[in-house]
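Quick notes on the structure that follows.
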Amino acid sequence: MKRFASILLLGVLIFSLTGCQSKDYVAKVNDEVITRDELDNKVVQIAASEGLNLEDPQYASFKDYFDLQVLNQIIDEKLLMKQAEKKNIKADSKVVDEKLAQIKGQFASDKEYKEYYEKQFKMSEKEIKQVVTDSIIMEKLFAEITKDVKITTDLQTYYNENKEEFNQPEKIKAKHILVETEKEAKEILKQVTENKADMEKLAQEKSIDPSAKENKGNLGYFPRGSMVPEFEEVAFALNAGEIAKEPVKSQFGYHIIQVEDKVAAKQLSFEEAKGQIEDKLLTGAKNNKVMEYLTEVRKEAKIENKLEKEVNEKLEEEKKTQTNQPVDETKSDDTKADDKVKDKEPEEKK
């Protein structure tokens, strides 16, 4: 499920650091080498965070480009981390520990926490800590770079010209308990509906959703498309305050679902949308500022991107191969078209 299984490290896995010693390097940033091993590890981590299956045959068709995208991301990270070092920006160890504690608090045990990140992201506990440390440093650097950024667009004008952005879809507020078996789900459902047991307390005690210990099974408000279809079909059919009569099976297990509130679709007024507009425009302006900053940093850096050169050479070779395919120019266009049709006919018809 899009939300049930997502335990994010501050919303970023892009700042992980992997110490690899392979001599097969793919790029150099000033005097720092990026190894093939380091790139491969980062590809696995980012693919996992984006839900990409690297074993899927379809991945092979764009592997080079995905790897190159990840490599450029690593290059940018190293350049920005070097800038943070120059500005003496550091991560307070107390803040790092607090962030790690928040993440660990979403799991039933320290063992479950370690196994989850090892299985999902191939990350050790040391690497997780480095991710958190780097993300805190990046947040501080971004804040420093964008501290003087202001919105120049008039908010009312933006609203008037983009009203379609503020059509708010139907939303519900729900809570759930996720367990592995139907039998256990039915037992818990009975406790909730007949014995009036505290659903939030049961969620903390029984739910296998990693976030349940902290959020007590509360999912907040969400529109359609946020959860798996099996969950949504039942949840959106319930009335406010109603509990689903039967457990709902999904790829994650069995859910006991309660809907607490429903909000009908509507057009947000300017006053309702004002804060949203301000956040969007400010975020966009800050992102532009960071990209401008990074562009300048890249210009000043000495970057050798071997993988980019290899990918470009491969692309050129493919173009030449396609261009050099022989074509019989003595045939008319109609004859060429007929030949193409014949080539597609079953063998027995030829």
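The values are calculated or read from the model by the stated rules, or taken from the named source; none is laboratory data. Values in this document were obtained by computation on a predicted structure and should not be read as measured data. Using ideal geometry, Cβ is built from the backbone for each residue, glycine included, and neighbour counts are taken over all protein chains shown.
Scanning the range 269-313 for residues that are in contact (Cβ under 8 Å) with a residue 24 or more places away in the chain and loosely packed, with under 11 Cβ neighbours inside 10 Å turns up just one, K302.
Within the range 39-60, being assigned to a helix (DSSP H, G or I) and hydrophobic (A, V, I, L, M, F, W, C) holds for L39, V43, V44, I46, A47, A48, A60. Of all the criteria given as (1) buried (at least 17 other Cβ atoms within 10 Å of the Cβ); (2) in a strand (DSSP E or B); (3) under 24 Å from the mean Cα position of the chain (by Cα), the one not satisfied by E232 is (2).
Within the range 76-117, being among the hydrophobic types (A, V, I, L, M, F, W, C) and over 16 Å from Q45 (Cβ atoms) holds for L79, L80, M81, A84, I89, A91, V95, V96, L100, A101, F107, A108.
Looking for whichever is touching a strand residue (DSSP E or B) at 6+ places or on another chain (Cβ under 7 Å) and at pLDDT below 95 here; the options are Q130, Q168. Which one fits? Please lay out each step first, then the result.
Numbers: Q130 fails: touching a strand residue (DSSP E or B) at 6+ places or on another chain (Cβ under 7 Å).
Exactly one of Q130, Q168 is touching a strand residue (DSSP E or B) at 6+ places or on another chain (Cβ under 7 Å) and at pLDDT below 95, namely Q168.
Cβ-Cβ below 6 Å, separation at least six or inter-chain, first residue in the range 146-164 and more than 13 Å from A273 (Cα to Cα), second surrounded by 11 or more Cβ atoms within 10 Å (Cβ to Cβ): which pairs? Once the first residue is more than 13 Å from A273 (Cα to Cα) and sits in the range 146-164, its partners that are surrounded by 11 or more Cβ atoms within 10 Å (Cβ to Cβ) give T146/K286; T146/K289; V149/A285; V149/K286; V149/K289; I151/L281; I151/L282; T153/L281.
Answer yes if at least one residue in the range 155-163 is among the acidic types (D, E) and closer than 24 Å to Q267 by Cβ, and no otherwise.
Looking for residues that are among the acidic types (D, E) and closer than 24 Å to Q267 by Cβ, one finds at least one in the range 155-163, hence yes.
Report yes if P169 is touching a residue at least 60 places away in the same chain (Cβ under 8 Å), in contact with a Lys or Arg (Cβ under 7 Å, 6 or more places away or on another chain) and of a type outside the set (A, V, I, L, M, F, W, C), otherwise no. Yes, satisfied. Of a type in the set (G, A, S) and more than 30 Å from I256 (Cα to Cα): which single residue out of A143, A203, A197 fits that description? Every option except A143 fails the conditions.
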